[in-house]
Structures are given as structure tokens and as C-alpha cells.
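Before any comments, here is the structure.
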Amino acid sequence: MVSLGNLQPLSPQFYLLLRHGLFLVLFLHLPFLGLLIGGSAVSLLLNFLGKEKRDPSYLRFSQELMGTVLMSKSALFMFGLVPPLLVWFIYARVLFDASPLPWQFWVVILAVLLSGFALLSSYRSARGRALDLSPMSAATGAAGLLAVILAVFLFSAGYGILFNPGKLPLLQKQVRFFLSWHGVVKFLLFLAFFFGMTGGAILLLCGRPAEGDEGAEAAYRELVQRFGANLAILATLVLPVFLLLDLVTLPDIALSAEVFVSSAVVVLLSLAACLTLFLSDRKGEGGPGARVAFLFVLIFLVILLRDDAAVGNAYQDQIAFLHMQAPVAELVHADEKHREKPAAADRVAGDAGKVVFEKSCAGCHRFDIRVVGPPLNEVVPKYAGDAEKLKGFIRNPVKVNPDLPSMPRLGLPEEEIDAVARYLIEKAKAGGSP
Amino acid sequence: MTHSPAAEQRVEKTVRKPAILLAVTAYFGVLLLALAALGISWYRAGLAPDQPIAFPHTIHVSKLNLPCNFCHIFVDRSRHAGAPPLEKCMSCHTAIATEREEIRKLARHYEEKRPVEWNRVYSLPEHVYFSHKRHVKAQVDCSECHGKVGAMKKVRKVGSLKMGWCVSCHRVRGASLDCATCHK
């Protein structure tokens, strides 16, 4: 089985592209799932309330909401199932370490999502057929809802791993390390956002007037608006608390001033949404729906930007390392490629050897004069063109001249030792200057 | 007691609405204060402190490929990895990059026989016994706890050094979980 996890990022630019791509995918995927979860949960709750209170307007609301949030099958596929596949691929490259999460993890998420979608679709069509719903259909809906929530929980746990590179070596040995408090808090934060957005969507989209008694219609609209507003208010109050918990559980290396500032922006946006809801006159036309929905989308965007910055902080050193490695790796790679063609090989080996020399040796050695180590024009000819002997010394240096500090063992990869040894012999033979 | 609708509206407008506004603002104010406190405590923890001499691990580790124990010579023989004696620095820097300001600082320290007081990045509380030697002998790579130091212009703290962090690794590697192993 080919493991996607063994892929390494190609270049710093490609790495950045992938990471931003990841957050773009999440920006489409999670709000979609959020409406689905929030809408179905509220629809089921209204179904229960309607039966308890024997009030058909609750049932009508439940029906209308389910029809609003669950879109066509192609939308479910595009926004529900394709994104996790993309995230699966991106993870393999963004996390640097090999096989951070086993493929089984993603297959389980997809299977759970798929079954959840199927159950919710069946609930939606039963819901659409009649106001009075059989307990069986309600149970189907509840099962579907739980399945999608479970998928989001698993996904959040996997998402939490992004922020803690120190855990990856542990994760490779024991799968249970994919669970973390940070993942749990991310899950709760997402849920708060989901319900807030659902509240905004209810204010914006539901309570459409129908044919009938005007008084009853106004009462229905009032019910819908009140429900949507209360849901959104609750979310604005709870979301910042989870955001603070998220900061507490984030590993220190993921933190930076940006992360704190964007968190403060999220708290202020939540305050704005909360005040919009309290101050708006809910009875009039053009209620706060559009503004609140927009604020929640903005909140989510800032949360994702914040997470992007946090992942960048956590992987800052690996990215810097990528920047430092890129030129050498390319040349050594080219050297290997050209080895079969002797004429080209010498030229490229010369280039690769020169790069290695400048990277690892030039700090202490020059060809013509003593720096820290002896002048190479004096010592390299002692090997009389015996590259193997010189490579042996580079691999494992021994003190030759007691007047000089001993050369450290550099631990260079074998292909770099080979390239630099050939370069040194070539260069010293020609009586090389620096 | 009954109120006329007009009186009720007045109460709504003058008492209830401002009270709710005040409560909401206070609630968010408290959250913002908590956020600020978290930010300040993160800032004061100084996870990447400035050093008296800006020693670049990037050059020594990544460019020159020096192994960690070339300078931290006690890492496999003592509890502490140790910072190198100034003689070690000067064995190369009597000749290399002597014109740089940071190297001049180093040379002054060396001439005046004044040790460089490096700022600690990693420190453990007194009730924890930790030995570098044991961990090196158990073939734990330096980077597992210290991260990619070779890519850090300024060293920053990577691991949390909290007990859970230690124990997770001990568990995965099958190392001792006895309290007395670390709390002597």
C-alpha cells in the first residue's frame, strides 16, 4: 500500500500554498457541515417540542428548517465528502513527518459522514412529506445527526494534531495520541459556531410567509425569529469561552502575538453579533438575520486565519529548515540523476561539491591559507587522488597536526561526502584558489 | 400590581434594555480581560529569550553541520548538557568572523575572563530530577525534545516540559513510570 504520509513538502512556497489551501477547504466544508448539524438538531428539537406542546407551528418550523439546510445530493458530495479527501492529502504533506494519521482514520470519517448524510436525507424526505412524524423517522434523523457529529469530533481530533508537532513521533507509535484536550476544545468551538450560524440562517432564511390567516402567519414568524435570535445569542456568549479554552490548550510553540490579537478580534465580533441581536427590533422587516449571519461567517474566517497563523508558528523551524535546505538538495539530486552520463556528471559533481564545500567546509578551510584548519592545497595532495581515503577522513576525522583544533565529525550524508571529496581532489590538483 | 402598556414600554426602555446591555458588555469585558491575562502570561514566560551574544545555531548546526555534542560536551556524561567553555568558541573564532560585533563581544569576554551569562530557555522545577546522559544513552534524539535547533536563529522552547509531556514519551518508549525515577 502506497502511504501518502511519506510525501515531503517540495519547497517552502508549495508548503505555504498547501497550508492556505487547507484552510480554504475548511472554510467551505465546516460551515456546510455546521448548517447541516445545527439545522437537523434544531429541527429534531422542534419536532419534540411540537409534540409535547401540541403546537403545529413548531412542526411547521421543523419542516421548513430541514428543507432549508439539507441541500441536494451533489452539494452533499461536493461540500461534505470531497473536502475530507482533500484534507487527507494535504495533511500528508503539511505535517512533515511520515504517516501522521493512518488511512483507516480518514476512511472511518468518510464512512461515518456518508451514513450520516444518508440517514439525514431520509429524515428530511419523511419530514417534508407530513407534519406528523413517526418516531421511527425521528430516530433516523437523530442517528444521522449523531453520525455527522461523531465525524466532526473525529475530524476535530485530527485537526488538533496540526498544532502540536511534538506529538507526531508519539502518534506514530500509538494511535490513541490523536485524542487531545485541544482537539476536544476545537470540537466544542466548532459546535458553538455551527449553532450560531444556524441561528443566523434561521433569522435570514426561515419564517417565509405562506397562504393563510395573517395573524397566524405573524405569530409563526415571531416564533421563528425568537428561536433563531435566542440560538444565535447563546452561541455568541459561549463561543468566546471555548476560544479562550482553545488558547489555554494550544501548545506554547503555536502561540504568537498574532494569535492573541486575532482571538481578541473574534471576541469583539461575538460582542458585535450579540449586541446586534439584542438591539435590533425583531418585529420589523429586514431583521438582523443578514448582519448576524455575516458576522458569524466573519468570526469563522478570523478563527481559521488564526489557526493558520498558529500552525505556521508551530512549524516555523521546519519551514526555516526547508528554506535553508532547498538549494543543496536540488544540486545533490541533480548530481545523482546525471551520474550515468560521465561527461555531465563531472561538471554537476563539481557544482554539488562546491555547494557542499561552501555550506560545510568553507567556514574553517580555504585552499590557499590557514583559517581554522590548514590550507587545503597543502593537505589534500597527501591523499594522492585517493578519494576513498579522503572520504574516510571526512566521515571520521582524526587529529593529524597537534597545533590545530580537531575537526568535528560533520555527519554529512554519503552523497555529499562523495561530491565534496571529488571536488577537493579536483580543485587541489589544479592548485585551486579559494 | 398592573402596568399600562405605555408604562411597561418605559420600563423596558429605561431599565431592562440598559441593564441587559450592561450585563452583556461586562461579560465580554471579563472575557477580554482573561484573554489579555493569557497574552501577558505568555509574553512574560519568554519562550525565546534574547541572549547576551546572539549565537546563531543556524550557522553552526545547519551550515557547518557541527554535531550538538561538539559544543555541548557534557550531554552524554552528565545531567546537564552544558554550554561550551569560551576556549572552545575561541579555537575557531580567533580566526573566523573576527570583525563581527557579536564575535568581538565574545572576544572581550574571553580576554576579561568573564563568562557569558546565557539566559535559560529550558528549566525544570527543583523537585524534578532529569539527566541528559540517561536520555542520550537511551538514544533519544536531541531534536525530539529541543526541536530543529539548527533552524532557529534564536533558540525557543519547544517542549512544554510538563509532567504529561514527559510521561507520554516514557510510556510510548517503555521507560520507567515510577514516581521516584524523576522525583527523587
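Calculated FRET efficiency, A:Glu52 and B:Ile40, Cβ-Cβ r, R0 51 Å, to nearest 0.05? Write down the numbers at each step before the final one.
Details: r = 49 Å, r/R0 = 0.96.
The value I calculate is 0.55.
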Under the Debye formula (equal points on every Cα, no solvent term), log10 I(q)/I(0) of the range B:21-104 at q = 0.15, 0.17, 0.20, 0.21 Å⁻¹: -0.73, -0.86, -1.05, -1.10
Just tell me the longest site-free run in chain A, where the sites are trypsin sites (Lys or Arg not before Pro) in a DSSP loop having at most 10 other beta-carbon atoms within 10 Å. A:55-282
How big, in percent, is the set of alpha carbon pairs in the range B:1-45 lying more than 12 Å apart? 70
Gaussian network model of chain A, Cα springs within a sub-10 Å range: biggest mean-square fluctuation belongs to which of A:Ala314, A:Ala130, A:Ala264? A:Ala130
Other chains' Cβ within 10 Å of B:33-39 residues: what's the mean? 5
Any idea how far the Cα center of the range A:128-170 sits from the one of the range A:218-234, in Å? 26
Can you tell me which of A:Asp55, A:Asp246, A:Asp386 moves the most in a GNM of chain A? Springs connect C-alpha atoms under 10 Å apart. A:Asp386
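Taking the Cβ-Cβ separation of A:Asp368 and A:Ala111 as r and a Förster radius of 56 Å, what is the calculated FRET efficiency to the nearest 0.05? Mind dumping the intermediate values first?
Working: r = 68 Å, r/R0 = 1.22.
Between A:Asp368 and A:Ala111 the formula returns 0.25.
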Within chain B, what is the longest stretch that has no GluC sites (Glu not before Pro) placed in a DSSP loop and near at most 14 other beta-carbon atoms within 10 Å? B:1-98
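Rounded to the nearest 500, what is the 222 nm mean residue ellipticity of chain B from helices alone, with -39500 (n - 2.57) per DSSP H run of 4+ residues and division by all residues?
On the way: 9 runs with 85 residues, N = 184.
That calculation yields -13500 deg cm²/dmol at 222 nm.
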Relative counts (whole %) of C-alpha pair distances in the protein assembly as shown, using bins that are 20 Å wide: 16, 39, 28, 14, 4, 0
Cα-Cα over 24 Å: which of B:Lys88/B:Lys162; B:Lys105/B:Lys154; A:Lys354/B:Lys105; B:Lys63/B:Lys148; A:Lys399/B:Lys63; B:Lys63/B:Lys157? B:Lys88/B:Lys162; A:Lys354/B:Lys105
Could you tell me what % of all Cα pairs in the range A:4-314 have separations over 38 Å? 17
Between A:Gly38, A:Gly353, A:Gly385, find the one with the highest GNM mean-square fluctuation for chain A; connect C-alpha pairs within less than 10 Å. A:Gly385
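Rounded, prolate or oblate, given the Cα gyration tensor of the range A:180-303, with a/c below 1.5 counting as rounded?
On the way: a/c = 3.56, a/b = 2.55, b/c = 1.40.
The shape class here is prolate.
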Okay, helix-only estimate at 222 nm for chain A: each DSSP H run of n ≥ 4 adds -39500 (n - 2.57), divide by all residues, round to 500 deg cm²/dmol; what do you get? -24500 deg cm²/dmol
Check cross-link reach from A:Lys429 to the aspartates and glutamates: straight Cα distance under 19 Å, and skip same-chain residues fewer than eight apart. A:Asp346, A:Asp351, A:Glu358, A:Asp368, A:Glu378, A:Asp386, A:Glu388, A:Asp418
Peptide-level mean, for B:41-53, of C-beta atoms on other protein chains within 10 Å: 1
At most 12 other Cβ atoms within 10 Å plus a DSSP loop assignment makes a site exposed; report the longest stretch of chain A without any exposed GluC sites (Glu not before Pro). A:1-210
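No lab work stands behind these numbers, since they all come straight from the coordinates. None of these values were measured; they are calculated from a predicted model. Positions of Cβ are generated from backbone atoms using ideal geometry, with glycine treated the same way; all protein chains shown enter the neighbour counts.
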